[in-house]
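For reference, the structure is listed below as structure tokens.
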Amino acid sequence: MPEPKREEERIFSYDTGEPASSSAPAPGDIPPAPAEDLAAENARLRAEKQDLLQTLVRRQADFENYRKRIERDRHEEGRRGVERLMLDLIPVLDGFDRALKAHDDPAYEEYRKGMMLIRKQLWDALARHGLERIDAAGKIFDPHFHQAIERAESTEYPDGYILDVFQDGYMFHGRVLRPAIVRVVVHSSEGTNSAPLEN
């Protein structure tokens, strides 16, 4: 009677006790990749790393630009708020100036001293924040800083000479808030209109 087939017994090496190697790879074993494939994979990973680094550098630069822009906008908005306050307070300075000119009577001397002190305190506070008075008297007319409402014919002064200042002008951080209101000398048509202007 023939013997029943047994499952194929595993052959062990007597030296190590491990299964003897056979020429066929065991299931699940990954054959070694060729060197060209490893080099291509390495190059791909390096390129990907370089792209990620470039993206990170761009993102950092974008964030830095955004931060600077926000900081600049915040600073500009704060300055615009101060500028609006200056525009509201300039008429108060005008009121002080008119009041001081109106009371020349010696009986009001103590009153004038108090008014001058308050006006100086107000001016000092505004000047600390960047308000500047446009010095127009005795200068040559400049439409960027002055507004002429009267002309006076004279050959005693150069053409365009500012003879009187009716209302002071003010600047805030280099920007004109209000031009000075002035009277300007003009030469008559018979005069020396072509004479060079002196500043």
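Key figures
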item: Residues being among the hydroxyl-bearing types (Ser, Thr, Tyr) and at pLDDT below 85 - total across region 141-199; result: 6
item: Count - residues of region 129-161 that are among the hydrophobic types (A, V, I, L, M, F, W, C), surrounded by 15 or more Cβ atoms within 10 Å (Cβ to Cβ) and either closer than 23 Å to residue 95 by Cα or not assigned by TED's automatic domain parsing to the domain that holds residue 188 (or both); result: 5
item: Single unsatisfied condition, residue 126 versus (1) surrounded by 13 or more Cβ atoms within 10 Å (Cβ to Cβ); (2) farther than 30 Å from residue 76 by Cα; (3) hydrophobic (A, V, I, L, M, F, W, C); result: (2)
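The values are calculated or read from the model by the stated rules, or taken from the named source; none is laboratory data. In this text, all values refer to a predicted model and were calculated from it rather than measured experimentally. Here Cβ is always computed from backbone atoms with ideal geometry, including for glycine, and neighbour counts include all displayed protein chains.
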